[in-house]
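Working notes, structure below.
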Amino acid sequence: MKQASRTVHAGRELVARSPLAPDLSPAAVHVYTDLEDYDAVARGERPGHYYGRNSNSNRAMLERAVADLEGGEEGVATASGMAALYVAMLALAPKPVTIVATRELYGGTLALIRQDLEPAGYEANFIDMTDLDAVRRGMDGAGLALVETITNPLCRVPDVEVIAAVARDRGVPLLVDNTFASPILFRPLEVGATAVMHSATKYIGGHSDLIAGVVVGTAEAMSAARARSVRTGSTLGPFEAWLALRGLRTLEVRMRRHSDNAIAVARALQGMPGVARVHHPWLPGSVSHDVAHRLMPEGTGGMLAFDLNGGREAVQRMLSRFQMVRFAASLGGIETTVSYPEITSHRALSPQERAELGVGSGTVRVSVGIEAAEDIVADFAHALSE
């Protein structure tokens, strides 16, 4: 089936008399009458569930669905995107190694490396992943590589295909955060990545009503990730899994609308008062223009950013004048929202570090929703009018 059909059906097989919508199974534990049967299920030799922290039917459906869409062997669903990232990193690098990572990491990922992994003996080498010479140098001696398909918040697109080839040549596992693109627009495993993770809170869920994460890769790697998730209690609850799977069913339709709307808004913002620069990978002049069109020819999702003259005061004035758009620290919902990286995603960075990344006091991140593009543009035009 094509991706549009797979998003609707992936993760479960219906037989006669099955409910069309999956049942919600909140059970913490399942009962057995045969010791050998229980033992076989617990060993993974027979299908079934026995304790909610280890497995659950709703979680299993979500894991199979995302693995199917990403082209991976297995998936592991966790209680948040950060939990998915953490278990994936430790599955691929269980002992301290040098982690080579994009310097434009999401602030939460950067905090995880600095505050949890580095004190445990890991070393971090943050590089510009759009500089392929820097990538080649950085991979030498590394034990794990971490890259975002589309960076947060400035929406740059590194050449994941080339990065994966460099990592493979040097025997370095590559973990890709594919949250912004989703498996509809890009599938890192198909170009050689080792594993891919999502904050399913965002586009997979799509409705700003759940917290979840998913990591996908080989059966061997996911077995290690699952075991760590089970031991640390970071597995996803059944209701959140049920919600995420329901959101996933419309992912293909939503991502195309998000993509179309985002490039329309980006183009319109370029001519609005006070806007110094717009960051969208498909815009002419973007450093990612050619790579983004090659890797994601059908669109780059709903994310963009722009720099507003006047800094924080100008941003606050804009926020106070919105009529439909709202300020919210997350992204990927059906509604258009803006975020202010200085105090949200990148608040853990120093002003100097933010400046080095190009994130200033006037930088605004936009998660473009699925409303009519004309209405979104009109709201920005009103909010930014002189």
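The values are calculated or read from the model by the stated rules, or taken from the named source; none is laboratory data. Predicted model, so just to flag it, every value in this text is computed and none were measured. Using ideal geometry, Cβ is built from the backbone for each residue, glycine included, and neighbour counts are taken over all protein chains shown.
For residue 191, indicate whether it is within 15 Å of residue 85 (Cα to Cα), of a type in the set (A, V, I, L, M, F, W, C) and not assigned by TED's automatic domain parsing to the domain that holds residue 364.
no
Might you let me know whether segment 230-245 holds any residue that is buried (at least 20 other Cβ atoms within 10 Å of the Cβ), among the aromatic types (Phe, Trp, Tyr) and not assigned by TED's automatic domain parsing to the domain that holds residue 87?
no
Kindly check whether there is at least one residue in segment 284-300 that is in contact with a strand residue (DSSP E or B) (Cβ under 9 Å, 6 or more places away or on another chain), basic (Lys, Arg), in the same structural domain as residue 370 (by TED's automatic domain parsing) and farther than 23 Å from residue 316 by Cβ.
Looking for residues that are in contact with a strand residue (DSSP E or B) (Cβ under 9 Å, 6 or more places away or on another chain), basic (Lys, Arg), in the same structural domain as residue 370 (by TED's automatic domain parsing) and farther than 23 Å from residue 316 by Cβ, one finds none in segment 284-300, hence no.
Return the total of residues in segment 332-351 being surrounded by fewer than 22 Cβ atoms within 10 Å (Cβ to Cβ) and under 13 Å from residue 262 (Cα atoms).
Of the residues in that region, 3 qualify.
Is at least one residue of segment 100-112 in contact (Cβ under 8 Å) with a residue 12 or more places away in the chain, of a type outside the set (S, T, N, Q), in contact with a strand residue (DSSP E or B) (Cβ under 7 Å, 6 or more places away or on another chain) and not in a loop (DSSP other than H, G, I, E, B)?
Yes, segment 100-112 has at least one match.
Only residues that are acidic (Asp, Glu) and over 21 Å from residue 246 (Cα atoms): list them for segment 29-84, please.
Hits for segment 29-84 are 34, 36, 37, 39, 45, 73.
Out of 268, 244, 227, I need the residue that is within 30 Å of residue 314 (Cα to Cα), touching a helix residue (DSSP H, G or I) at 6+ places or on another chain (Cβ under 9 Å), modelled with pLDDT of 95 or more and assigned to a helix (DSSP H, G or I). Which one?
From the options 268, 244, 227, the qualifying one is 268.
What is the residue count in segment 137-174 for residues that are in a loop (DSSP other than H, G, I, E, B) and either in the same structural domain as residue 293 (by TED's automatic domain parsing) or of a type in the set (Lys, Arg) (or both)?
Of the residues in segment 137-174, 2 are in a loop (DSSP other than H, G, I, E, B) and either in the same structural domain as residue 293 (by TED's automatic domain parsing) or of a type in the set (Lys, Arg) (or both).
Considering each of 59, 12 in turn, give the residue that is touching a Pro at 6+ places or on another chain (Cβ under 7 Å), in a loop (DSSP other than H, G, I, E, B) and among the basic types (Lys, Arg).
12
Given the condition over 12 Å from the mean Cα position of the chain (by Cα) and part of a helix (DSSP H, G or I), answer yes or no: does some residue in segment 191-206 qualify?
yes
Here is a list of conditions, (1) under 23 Å from residue 240 (Cβ atoms); (2) more than 23 Å from the chain's Cα centre (by Cα); (3) hydrophobic (A, V, I, L, M, F, W, C), and residue 1 meets all of them except one; can you say which number that is?
It is condition (1) that residue 1 fails.
Does residue 339 fit the bill of being in contact (Cβ under 8 Å) with a residue 40 or more places away in the chain and out of contact with any Pro (no Cβ under 8 Å at 6 or more places or on another chain)?
No: the conditions fail for residue 339.
What residue, among those in segment 175-184 that are in a helix (DSSP H, G or I) and of a type outside the set (Gly, Ala, Ser), is farthest from the chain's Cα centre (by Cα)?
Filtering first and then ranking leaves 184.
What number goes with the only condition from (1) touching a residue at least 12 places away in the same chain (Cβ under 8 Å); (2) among the small types (Gly, Ala, Ser); (3) touching a Lys or Arg at 6+ places or on another chain (Cβ under 6 Å) that residue 40 does not pass?
(1)
Determine if segment 10-29 includes at least one residue that is of a type in the set (D, E, K, R) and in contact with a helix residue (DSSP H, G or I) (Cβ under 6 Å, 6 or more places away or on another chain).
Within segment 10-29, one or more residues are of a type in the set (D, E, K, R) and in contact with a helix residue (DSSP H, G or I) (Cβ under 6 Å, 6 or more places away or on another chain).
Would you mind finding the one in 359, 364 that is outside any helix (DSSP H, G or I) and either in the same structural domain as residue 204 (by TED's automatic domain parsing) or modelled with pLDDT under 95 (or both)?
The match here is 359.
Look through segment 113-134, keep the residues that are closer than 25 Å to residue 162 by Cα and in a helix (DSSP H, G or I), and return whichever of them is farthest from the chain's Cα centre (by Cα).
133
Is it the case that some residue within segment 233-242 is touching a residue at least 40 places away in the same chain (Cβ under 8 Å) and over 17 Å from residue 54 (Cβ atoms)?
Taking every residue of segment 233-242 in turn, at least one turns out to be touching a residue at least 40 places away in the same chain (Cβ under 8 Å) and over 17 Å from residue 54 (Cβ atoms).
Identify, by number, the condition in (1) closer than 17 Å to residue 56 by Cα; (2) outside any strand (DSSP E or B) that residue 214 doesn't meet.
For residue 214, the failing item is (2).
Pick from 322, 306: which is touching a helix residue (DSSP H, G or I) at 6+ places or on another chain (Cβ under 7 Å), surrounded by fewer than 22 Cβ atoms within 10 Å (Cβ to Cβ) and either in contact (Cβ under 8 Å) with a residue 12 or more places away in the chain or not β-branched (Val, Ile, Thr) (or both)?
From the options 322, 306, the qualifying one is 322.
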